Amino acid sequence: MPELPEVETVRNTLKQYVINHRVESVDSYWDNIIVGEVDAFRERIYGQVIHDVKRLGKFLIFELDQDVMISHLRMEGKYFYCDYHDPVEKHTHVCIHLDKGKDLRYHDVRKFGKLQLVDKSNYLEVEPLNRLGKEPFHITVDELYSAFQKTSLPIKTALLDQGMIAGIGNIYANEICFVSKIDPYRKARDLSKEEVALIIEKSIYILNRAIEQGGTSIHTFSSNGITGLFQQQLFVHGKNNQPCQICGSLILKEKINQRGTYYCPTCQEVKKK
DNA sequence: ACGTCCTCCTGTTCGC
DNA sequence: TGCGAACAGGAGGACG
């Protein structure tokens, strides 16, 4: 499940391979990946050169000549950089054929990912990127506090809202609540400014640490694809019925707004069941 | 305008 | 053991 740190790792790795390649053609094997008409996508991207790979929240942004190709990996999206003649794997849905006999391939078991072209001149001002809030690195306490004031959602759920704060997915939302010692059920609007400041601080800390780890654990590219790291050093996510590393209480798993939520009832002072 | 539920998908895990 | 149901999850869309 790529979140901001994983996408950043993918971006850094991908950059080393695809920059300065020209797109020669595109094959699509599952058309719902590409937003809009596949033929239009194919014609529009033809001949454009990849100049840079950027990231905003969990979106990858391939900077081309006239357009940007915006890519969201959702749950299981991966990129392969390989030779044109390499066999196409089962879950590879889009092959972007580059010059020099190379391919950039999009692979996604669940087929949830999206790929779309947007005019480069104003891509931040139109969908999908104009929906995004600021990332934890840039948002101010006042901005997040005031966004939280406008919702009745639990803090755990609010952290997942990309319009309020961008880049946090379910895994890190759980970790951030734990490390901040905040009850995931508490309404976001009930947090004090000090608590919001703590949330931001811990978010930055956790995301940066994950990015660092990703940067050192991504040596197996090219044939295996860029998958992003798989989380090490998690405190609560996926740890239900295991003892909390801080206090020894058993980590619980419950659903909050349909999402699996893991927490330590003691550290996070969760009273009601 | 906001919250809730559904949809998109397939591989894995769970329950009978 | 086998097989269907439930689950996992990001985000957009429908609906109230």
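Odds and ends about this structure:
- Top-ranked residue in the range A:237-273 [being touching a residue at least 24 places away in the same chain (Cβ under 8 Å) and touching a Cys at 6+ places or on another chain (Cβ under 6 Å); ranked as nearest to A:Ile182 (Cα to Cα)]: A:Cys267
- A single member of A:Ile61, A:Ile33 is among the hydrophobic types (A, V, I, L, M, F, W, C), within 15 Å of DNA strand C (Cβ to nearest atom) and more than 13 Å from the chain's Cα centre (by Cα), and it is A:Ile33.
- Pair list, Cβ < 9 Å and 6+ apart or interchain, from the range A:1-30 residues that are within 15 Å of DNA strand C (Cβ to nearest atom) to residues that are of a type in the set (Asp, Glu) and part of a loop (DSSP other than H, G, I, E, B): A:Met1/A:Glu76; A:Pro2/A:Glu76; A:Leu4/A:Glu135; A:Trp30/A:Asp108
Per-residue answers, yes or no, for (1) out of contact with any Asp or Glu (no Cβ under 8 Å at 6 or more places or on another chain); (2) over 18 Å from A:Ala210 (Cα atoms); (3) at pLDDT 95 or above:
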| position | (1), (2), (3) |
| --- | --- |
| A:Thr9 | yes, no, no |
| A:Thr13 | yes, no, no |
| A:Gln16 | yes, yes, no |
| A:Arg22 | no, yes, yes |
| A:Tyr29 | yes, yes, no |
| A:Tyr46 | no, yes, yes |
| A:His51 | no, yes, yes |
| A:Leu64 | yes, yes, yes |
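- Reported count of residues in the range A:128-139, each being over 16 Å from the mean Cα position of the chain (by Cα) and either within 14 Å of DNA strand B (Cβ to nearest atom) or in contact (Cβ under 8 Å) with a residue 40 or more places away in the chain (or both), is 1.
- When the strands (runs of 3 or more DSSP E) confined to the range A:38-87 are screened for residues that are hydroxyl-bearing (Ser, Thr, Tyr), those reaching at least 2 such residues are found at A:78-83.
- Filtering the range A:142-191 to residues that are within 14 Å of DNA strand C (Cβ to nearest atom), out of contact with any Lys or Arg (no Cβ under 9 Å at 6 or more places or on another chain) and of a type outside the set (A, V, I, L, M) leaves A:Asp161, A:Tyr172.
- Within the range A:144-168, considering residues that are near DNA strand B (Cβ under 10 Å from one of its atoms) and under 17 Å from the mean Cα position of the chain (by Cα), the one surrounded by the most Cβ atoms within 10 Å (Cβ to Cβ): A:Ala158
- Scanning the range A:27-78 for residues that are in contact with a strand residue (DSSP E or B) (Cβ under 6 Å, 6 or more places away or on another chain) and within 14 Å of DNA strand B (Cβ to nearest atom) gives A:Ser28, A:Tyr29, A:Trp30, A:Ile33, A:Ile34, A:Val35, A:Val38, A:His72, A:Lys78.
The values are calculated or read from the model by the stated rules, or taken from the named source; none is laboratory data. It should be emphasised that the depicted structure is a prediction, and the values quoted were computed from it without experimental measurement. Because the Cβ atoms are built from the backbone with ideal geometry, glycine has one as well, and the counts that use them run over all protein chains shown.
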